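The values are calculated or read from the model by the stated rules, or taken from the named source; none is laboratory data. Just so it is clear, the model here is predicted, and its values are computed rather than measured. FYI the Cβ positions are ideal-geometry reconstructions off the backbone, even for glycines, and counts take in every protein chain you see. For the accessible areas, the whole protein counts, side chains as well, though only heavy atoms, and no ligand, DNA or RNA atoms are used. Shrake-Rupley method; radii C 1.70, N 1.55, O 1.52, S 1.80 Å.
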Amino acid sequence: MSQRHPTLSPVIREVTARIVERSAPTRTAYLDRIRQAADRGPARGRLACANLAHGFAASDAPAKQALRGRTKPNVAIVSAYNDMLSAHQPFEAFPAVLKKSVIRAGGIAQFAGGVPAMCDGITQGRDGMQLSLYSRDVIAMSTAIALSHDMFDGALMLGVCDKIVPGLLIGALSFGHLPTVFVPAGPMTSGLPNGEKARIRQLYAEGKVGRAELLEAEAASYHSAGTCTFYGTANSNQLIMEVLGLHLPGSSFVNPGTPLREALTKAAGERVTAITPQGGEPTPIGEIVDEKAIVNACVALLASGGSTNHTMHLVAIARAAGIVLTWDDLSDLSAVVPSLCRIYPNGQADVNHFQAAGGIGFLVHTLLRAGLLHEDVRTIAGHGLWRYTTEPRLRGTELTWEEGPKASLDLDVLRPADDPFAPDGGLRMLSGPLGRAVIKTSAVKPEHRSVTAPAVVFDHQDDFLAAFGDGALDGRDFVAVIRYQGPAANGMPELHKLTPALGVLQDRGQRVALVTDGRMSGASGKVPAAIHVTPEAALGGAIARIHDGDLVTVDAETGLLDVHVERAELAAREATGGAPQGADWAGTGRELFAAFRATVGTADTGASVFPGVAVPQQEVPLVQHA
């Protein structure tokens, strides 16, 4: 085979084939629907005169003239801009730039709508975090509302962070007949080194520095416009969108406020115009996001040690395109996809260092050479994933794409597939009598990946932190079980505040681990954490029947999540504790989301309130142990 078309890994081929087979009815129905929705002429040509007049009433005279006509494509701009979130603040100026570039390319553009964008970093440990996961589906619905006017022939999606990009993509896939380009804003420049930030956080948890020192360190880390530079969900989003072929090649990690960033933003407007039916290269987003593209996204997530949130988001995104992706698919892919990146919290480098070392261009290059990605896919840049091995460059005022690096420029940050940091991916699936869970191992040292210890059970992270502060957890090995944190219980908030405390105890020599039906996301740290436990406690999962002192095993090496209690006894126990009820839900807008709590799906099916597609239910495998 040629270098550009290497032999595909048998496991990649087999997983893709079973996804195709499993998804055939729903994918076929989805494609039929979006193909029927496609228009040969401008979409606004279907509108009655009164409808169309409403659609351009506020436009200036040239735009009104263009929208009256039936030749120019009209591009929707949907943005998650607000000026509180550093990652989204740069989007303030993007619509004007994009409108001009679309007009220069022969189209017309309108700002179709905004979507909410909340910051998990701000709401961490607060009541507002209980709305975070739900916000993804609110964003998807908001995107659908923005696109619902039948005025548009293409779309530009402006978003970066945690739930925002998955929500925009799920909403865009409901209008899968529209060519759609996602427009990133880029990461902030590097601030306080990540190792120093982690050190100050742990000193604060130990009571050795005060709030003033902690705030100074945090402010030096998160210091300007742009995405936070650690490899959490936001930057995992960016990498995945590029490998899906929905960003322009090499555009994800270019810093805001630079000439190259501005040139790439202009190019996004030009490109979306070109891939509309009127532009001559019709490329609907629903045709791009197919089974091969979804597998590519999973591989990129695993190879880079990306956010555990995507074990839910990718499942939900796939379902929005009629594709049935399961945790078993991710687990089988993880077994053959090597770990190629060390980006904080999996290492000391940040995404700027990753970009300098070769970035996504080199990552795609080495995974293609290893036969771990599908090259034969559609993208917004044209056919073939090889396009994403190139890098954007400014030659004077001209934007060009040139061959990217064919070797890593820093082997401590980014490695080739034939010389990986580890032979398998940074995410693994656990199963056993407690159900199924996800564990991120890329930041966990091998000697900490298997823990068997008595359970200490809490129904809220604040109770655990209080016990830690009182010294009740000192000097003993344990598995912290934090329950009633799943989607149906309280919206599945992230539990990052547990990480420094658990890290302190682990550093003291205690054997500790975490088991929870909540989330830890891309900022999961050095302590083994079995997260997203399914079935969750609020839906009758076995995690609700664990007692203090029960011996629990979290073993990332064998994939075991066990409680050493006879199965009959465990099943006969009454559930203890409970999810928030009634007045506990009042405040911070949480009372408005009762319908979400009542209808949200399980973590392994995407934790979505949308019906999606039918996912085969599987018996949790019984794992034998001595």
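Which of the listed residues, GLY154, ALA140, SER174, is farthest toward the dipole's positive end in region 123-214, when Lys, Arg count +1 and Asp, Glu count -1 at the beta-carbon? Going by the charge dipole, the pick is ALA140. Phi angles of region 270-276 translate, via the Karplus equation with coefficients 6.51, -1.76, 1.60 and θ = phi - 60°, into HN-Hα couplings of 5, 5, 5, 5, 5, 9, 6 Hz per residue; Gly and Pro are given as x. Below 8 Å between Cα atoms, with a sequence gap of 6+, how large is the relative contact order for the chain in percent? Over the chain, the number comes to 15 percent.
Annotation for region 223-261 versus region 580-604: alpha-carbon center distance of 32 Å. When the solvent-accessible area of region 311-464 is split by element, carbon and sulfur atoms take up 49 percent of it, the probe being 1.4 Å.
Close amide-amide hydrogen proximity is noted between GLY113 and ILE77, SER79, each under 5 Å apart and 5 or more residues distant or on a separate chain (H modeled in the peptide plane; Pro and chain starts excluded). Protection proxy ranking, highest mean first, for peptides 393-400, 288-295, 597-604: 288-295, 597-604, 393-400, where packing is the per-residue count of other beta-carbon atoms within 10 Å, averaged. In terms of overall dimensions, the C-alpha atoms belonging to the chain reach 73, 53, 52 Å along their principal axes, ordered largest to smallest. Please work out whether region 349-398 counts as rounded, prolate or oblate from its C-alpha gyration tensor, where a ≥ b ≥ c are the square roots of the eigenvalues and a/c under 1.5 means rounded, while otherwise a/b larger than b/c means prolate and anything else oblate? Oblate shape, in that a/c is at least 1.5 and b/c is the bigger or equal ratio.
When each of the peptides 428-435, 558-565 is scored by how many other beta carbons lie within 10 Å of its residues on average, the order from highest to lowest is 428-435, 558-565. Take every pair of alpha-carbon atoms less than 8 Å apart whose residues are at least six positions apart; their mean separation over the length of region 424-573 yields a relative contact order of 33 percent. The apolar share of the surface of region 161-264, taken as the fraction of accessible area on carbon and sulfur atoms (1.4 Å probe, ligands and nucleic acids excluded), comes to 58 percent. What the chain shows is 37 Å² of accessible area per residue, with the surface traced by a 1.4 Å probe over protein heavy atoms. Just to verify a number: FRET efficiency for ALA583 and GLU14, C-beta to C-beta distance, R0 = 41 Å, to 0.05? Efficiency for this residue pair is about 0.20. Expressed as a whole percent, the proportion of Cα-Cα pairs in region 25-144 lying more than 18 Å apart is 66%.
Along the Cα-to-Cβ line of GLN36, 7 Å from the Cα, sits a label point; which residues in region 274-292 have backbone N less than 11 Å from it? Output list for this probe position: empty. Simple point charges give the picture: +1 on the Cβ of Lys and Arg, -1 on the Cβ of Asp and Glu, and for the chain a dipole about the Cα centre of about 1920 debye.
Length gained on full extension, LEU47 to ILE122, computed as 0.36 nm times the residue gap minus the Cα-Cα distance: 22.7 nm.
Take the Cβ-Cβ distance between LEU214 and ASP477 as r, set R0 to 35 Å, and report the resulting FRET efficiency rounded to the nearest 0.05. The formula returns an efficiency of 0.80 here. Nonpolar atom fraction for region 22-75, defined as the carbon and sulfur part of the 1.4 Å probe accessible area, stands at 55 percent. Each eigenvalue of the Cα gyration tensor of region 420-524, multiplied by 5 and square-rooted, gives one semi-axis; in descending order these are 21, 19, 13 Å. Its convex hull of Cα atoms gives region 51-209 a direction-averaged projected area, equal to a quarter of the hull surface, of 11.6 nm². Label positions at LEU411 and LYS445, each projected 7 Å from the Cα along the C-beta direction, are separated by 2.3 nm. Overall, the ratio between the Cα radius of gyration of region 464-579 and 2.2 N^0.38 Å, rounded to two decimals, is 1.03. Our note on the geometry: Cα centres of region 500-520 and region 383-432, 32 Å apart.
A simple spin-label model places pseudo-atoms 7 Å from Cα toward Cβ; at ASN82 and ILE145 they are separated by 1.4 nm.
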